[in-house]
Amino acid sequence: MVYMGVVAGLAWVLPLFPGHPRLGPIYNPVTHFVPLPFPLLLVVPAIGIDLLRQWIDQGRGWRRDWLLAIAAGAAFLLLFLAAQWFFSAFLISPAAHNWFFAADRHWGYREGVGDWRGEFWSETNPARNPPLSVKGFLIALGISLGAARLGLWLGNWMAKVRR
């Protein structure tokens, strides 16, 4: 929630200040400070993981830890992908071109205007920005499982730390 609040606050406040590029080439005329894009919807998988932790017993043990790590990693990936995929489609649509979502305002002065700004991935250069594939999904699943296990291990270690 803190991440989303800080980044959303920057997306709302920074465009209020005037700014002008001082270094060329200037492909995109910028008249204000350029904010970060609207934050990722990390709150959706966070709620899912919290509900999952309530459902799985709060006890100790390596079996519980591995079950929780696998379930949390898979839940994070699936919930984040589902939420962010459709939210990203909304953010590149004209409906999000307003002050709240700040869509299409986060491009710097070196970024050229083009049709690519409204596309999910580059069909002309798939090596640079590939579409979602089974291989990419399995790599993301492996990373999310590893990160969930590492986070649970560090959390268990910190729970043992006493003052």
Is there a residue being in a helix (DSSP H, G or I), more than 14 Å from the chain's Cα centre (by Cα), among the polar types (S, T, N, Q) and farther than 21 Å from residue 142 by Cα anywhere in the stretch 47-54? yes
The listed residue being surrounded by 11 or more Cβ atoms within 10 Å (Cβ to Cβ), at pLDDT below 90 and over 29 Å from residue 20 (Cα atoms), out of 65, 104: 65
Single residue of 89, 95 found to be of a type outside the set (S, T, N, Q) and without any contact (Cβ under 8 Å) to a residue 12 or more places away in the chain: 95
Filter pass, residue 75 being without any contact (Cβ under 8 Å) to a residue 60 or more places away in the chain and part of a helix (DSSP H, G or I): yes
Just name the residue that is surrounded by the fewest Cβ atoms within 10 Å (Cβ to Cβ) out of those in the stretch 9-38 that are of a type in the set (Val, Ile, Thr) and closer than 19 Å to residue 112 by Cβ. 31
Do we have residue 56 as aliphatic (A, V, I, L, M), surrounded by fewer than 16 Cβ atoms within 10 Å (Cβ to Cβ), touching a residue at least 24 places away in the same chain (Cβ under 8 Å) and farther than 27 Å from residue 9 by Cβ here? no
So residue 20 fits all but one of (1) more than 22 Å from residue 98 (Cα to Cα); (2) without any contact (Cβ under 8 Å) to a residue 12 or more places away in the chain; what number is the exception? (1)
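The values are calculated or read from the model by the stated rules, or taken from the named source; none is laboratory data. Computed from a predicted model, the values in this text were never measured in an experiment. We place every Cβ from the backbone using ideal geometry, glycine too, and count neighbours over all the protein chains shown.
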